[in-house]
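Notes for the one structure printed next.
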Amino acid sequence: MASYQRLTLHERVQIEKYLQKGLSKAEIARKLGRNRSTIGNEVNRWGSPKDYSSGLADWHALDERTKSKGKKFARYPELERLVIRLLKKKWAPEQIFLWLRKHFPNQYRMNVSHESIYTYIYLLPRGALRKELIGYLRQRKGQRYQRRASARRSRIPDRMCIDQRDPAVEDRTVPGHWESDLIIGAGQKSAIGTIVERSTRFLIIVPLKNRTATEVRKAFARELRKLPQQVRLTMTHDNGLEMAQHKLFSAQTHMVVYFAHPYSSWERGTNENTNGLVRDFFPKDTDFRTVSRYRLKKVQDLLNQRPRKVLGAETPQEAMQRLLMP
């Protein structure tokens, strides 16, 4: 008998589309080649078909798996052996995490966060292996202490790290995953928001009255709710406190919010590159309080209508419209 395979993010997106078209759970199961009970259990835990959200469903499934991440090395001895071998080369846990993500994309059993590696080391029984592995760490401390720099991050309640995001997001094959940030105006007194879809590079520029969490949450949600749910799955944001109301934002948009690591702008490379394009129109001495919504949206349209080499000369607007076609 073949072993059970978890539903993928792509399958959950298909389930949501089929439910919106009115297909029964049995029909969806046949189309996906899945057992009827698998689809039934997936949909029923959300109450009713109209409440099903592929993005939130995938986040909850991943969250359930990561709750037991302390036992992951016991479940996957190949991963454990590889991590120990890299530790013996004096690689830092964060370097190991990055290397694994690069060389084993979309392979859950061969990916683990740097914090999970630290947890594994310090939860080992006191003995030769624990002492040896701690000796490979730069600090070589007998206990694990959280750095004071993390205090800023902890001020965002229930923060979901990018480590917990489905690795499948990286390959850009499934649309609906966005990256976001603020562009700050002159004297830190004004700002605008930028939200970019990873697969199409489609840009949304968000006018902001101020940088408070309430204003950013309302303005971002207002812009994104104009798009259908099928292209609203996740959003990966910088570590700014302006996204402190991410749970309420998720409830309003059905989008799961993840946060990049501090000082790791490359983790939101699409957004960072796009911000550079926006800066061509609005240099650092710009006071966004004097820039009209019409002007911001004009720049948004100009950038979305530029052909992009990465899209095969297609424009972001054309790529997004193609996704939205029935």
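Let me have the relative contact order for the chain, percent, based on Cα pairs under 8 Å that are six or more residues apart. Display every interim value, and only then the final one.
Working: 414 pairs, mean separation 47.1, N = 326.
So the answer I get is 14 percent.
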Q) How big is D for the chain, in µm² s⁻¹ as a whole number, if Stokes-Einstein is applied with the Kirkwood radius of its Cα pairs at 20 °C and 1.002 mPa s? A) 98 µm²/s
Q. What pairs in Lys209/Lys309; Lys102/Lys189; Lys218/Lys284 have C-alpha atoms more than 29 Å from each other?
A. Lys209/Lys309; Lys102/Lys189
Q) Which ordering of Asp171, Asp238 is given by a fewest-first count of other beta-carbon atoms within 10 Å? A) Asp171, Asp238
Q | Cross-link reach list, lysines versus Lys131, counting only Cα pairs under 17 Å and skipping chain neighbours closer than eight places | A | Lys88, Lys89, Lys90, Lys141
Q: Given the options Val256, Val112, Val83, state which has the largest fluctuation in a GNM of the chain using a 10 Å cut-off (strictly under) for Cα springs.
A: Val83
Q) Name the residues of the stretch 75-102 whose amide N is less than 15 Å from a point 7 angstrom out from the Cα of Tyr118 along the C-beta direction? A) 92-98
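May I ask you to compute the full-extension gain from Trp99 to Arg322, defined as 0.36 nm times their residue separation minus their alpha-carbon distance, rounded to one decimal in nm? Can you show the working numbers first?
On the way: separation 223, 0.36 × 223 = 80.28 nm, distance 3.46 nm.
So the chain would gain 76.8 nm between Trp99 and Arg322.
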Q: Could you grab the relative contact order for the stretch 263-326? Cα pairs under 8 Å, six or more apart, rounded to a whole percent.
A: 17 percent
Q: Select from Tyr118, Phe249, Thr173 the residue farthest towards the positive end of the dipole of the chain; place +1 on Cβ of Lys and Arg, -1 on Cβ of Asp and Glu, and compute about the Cα centre.
A: Tyr118
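Could you work out the relative contact order of the stretch 1-52, using alpha carbon pairs under 8 angstrom and six or more residues apart, expressed as a whole percent?
The value is 27 percent.
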Q. Can you sort His103, His246, His10, His114 by how many other beta carbons sit within 10 Å, fewest first?
A. His103, His10, His114, His246
Q) Is it possible to state the helix-based mean residue ellipticity at 222 nm for the chain, with each DSSP H run of 4+ residues giving -39500 (n - 2.57), the sum divided by total residues, to the nearest 500 deg cm²/dmol? What is it? A) -13000 deg cm²/dmol
Q | Candidate aspartates and glutamates - alpha carbon under 19 Å from Lys25, same-chain residues fewer than 8 apart omitted | A | Glu11, Glu16, Glu42, Asp51, Asp58
Q: Please state the charge dipole magnitude for the chain, taken about the Cα centre, from unit charges on C-beta atoms (+1 on K and R, -1 on D and E), reported in debye and rounded to the nearest 20.
A: 900 debye
Q: Identify all lysines with a Cα-Cα distance to Lys21 below 18 Å; exclude those on the same chain that are fewer than 8 residues away in sequence.
A: Lys31, Lys50
Q. Hey, fewest Cβ within 10 Å first, where do Glu78, Glu42, Glu179, Glu267 land in order?
A. Glu78, Glu267, Glu42, Glu179
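Readers should treat all values here as calculations from the given coordinates under stated rules, not as data from a laboratory. Just so you know, these numbers come straight off a predicted model, no measurement behind them. All Cβ positions, glycine included, derive from the backbone under ideal geometry; neighbour counts span all protein chains shown.
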